[in-house]
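Student: Take this structure first; my questions come after.
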Amino acid sequence: MLALVMVLTFPVAVWAALPAGAADPAQDVEEIARWIRERQDGAAPAPLPPCAWPAPGHAEITSPFGYRLHPVLKRFRLHAGLDIGAPEGAAAAACWDGVVIAVAELPAYGRVVVLDHGGGLATVYAHLSAVRVSEGDRVPQGDEVGWVGVTGQVTGPHLHFEVWLDGRPVDPLRYADMCE
């Protein structure tokens, strides 16, 4: 009920067509979901070790997980991850050991890396200026997968970080207390 009230308070322009040349991040989320469904190994869940923070040395969350008014599209959308403020060129690091299941350039997410950690858990690192890994690579926890950038639809440099569990995005802060 609360969500319905919130939706009704937004101006009609929120539901208008996307601005010219703008990409809908929902399409990128669908593509990432497809990659995870098709490429995850399906291994049984294992207890997770403490995680490494995805943006070492940078802890400012500039946009949390959840529904929000998109800053570029001016439309109410699910923000499927966290935006972590960091300068261009800062490291983006693997939270846990994983296997790279996708490296791509998407319209809204820009350069993106997706890691499979087994047990239905995957992580996404987006808006990268460059990537350091290739599909199929095994990446140890804490190793760089790429560098923070301004690719895709962004208002400034930051790391967009997502955690997926069983094919759905979940709030990465659920795991933050595990990070060292």
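The values are calculated or read from the model by the stated rules, or taken from the named source; none is laboratory data. These numbers come from a predicted model, not from an experiment. Neighbour counts run over all protein chains shown; Cβ positions are idealised from the backbone, glycine included.
Student: When you go through 171, 97, 166 one by one, which is the residue that is under 14 Å from residue 53 (Cα atoms) and not aliphatic (A, V, I, L, M)?
Tutor: It is 97.
Student: To continue, here is another question. What residue, among those in the range 70-93 that are part of a loop (DSSP other than H, G, I, E, B), crowded, with 19+ Cβ neighbours inside 10 Å and not hydrophobic (A, V, I, L, M, F, W, C), is modelled with the lowest pLDDT?
Tutor: Looking at the filtered set, the residue picked out is 70.
Student: Residues being out of contact with any Leu (no Cβ under 7 Å at 6 or more places or on another chain) and either small (Gly, Ala, Ser) or under 12 Å from residue 146 (Cβ atoms) (or both): count how many of those fall in the range 114-126.
Tutor: Qualifying residue count, the range 114-126: 6.
Student: Here is a follow-up. Residue under question is residue 158, and the condition is that it be free of Cβ contacts under 8 Å to residues at least 40 places away in the same chain and within 19 Å of residue 108 (Cα to Cα); does it hold?
Tutor: No: the conditions fail for residue 158.
Student: Considering only residues that are touching a residue at least 40 places away in the same chain (Cβ under 8 Å) and of a type in the set (Ser, Thr, Tyr), look in the range 110-140 and name the one that is surrounded by the fewest Cβ atoms within 10 Å (Cβ to Cβ).
Tutor: In this case the residue turns out to be 129.
Student: Just to verify a result, which residue in the range 94-134, among those that are part of a loop (DSSP other than H, G, I, E, B) and more than 18 Å from residue 56 (Cα to Cα), is nearest to the chain's Cα centre (by Cα)?
Tutor: 109
Student: A further question on this structure: Which ones in the range 142-155 are in a loop (DSSP other than H, G, I, E, B) and touching a Gly at 6+ places or on another chain (Cβ under 8 Å)?
Tutor: 150, 151, 152, 153, 154
Student: Now, a different point. Within the range 164-176, is there a residue that is in a strand (DSSP E or B), touching a helix residue (DSSP H, G or I) at 6+ places or on another chain (Cβ under 6 Å) and surrounded by 15 or more Cβ atoms within 10 Å (Cβ to Cβ)?
Tutor: yes
Student: Residue under question is residue 143, and the condition is that it be of a type in the set (Asp, Glu), surrounded by fewer than 18 Cβ atoms within 10 Å (Cβ to Cβ) and touching a residue at least 40 places away in the same chain (Cβ under 8 Å); does it hold?
Tutor: It is true that residue 143 is of a type in the set (Asp, Glu), surrounded by fewer than 18 Cβ atoms within 10 Å (Cβ to Cβ) and touching a residue at least 40 places away in the same chain (Cβ under 8 Å).
Student: Residue 35 is checked against (1) at pLDDT 65 or above; (2) part of a loop (DSSP other than H, G, I, E, B); (3) within 28 Å of residue 137 (Cβ to Cβ); (4) of a type outside the set (Ser, Thr, Tyr) and fails just one. What number does that condition carry?
Tutor: (2)
Student: If you don't mind, another one. Could you please let me know if residue 138 is farther than 15 Å from residue 84 by Cα and modelled with pLDDT of 90 or more?
Tutor: Spelling it out, residue 138 is indeed farther than 15 Å from residue 84 by Cα and modelled with pLDDT of 90 or more.
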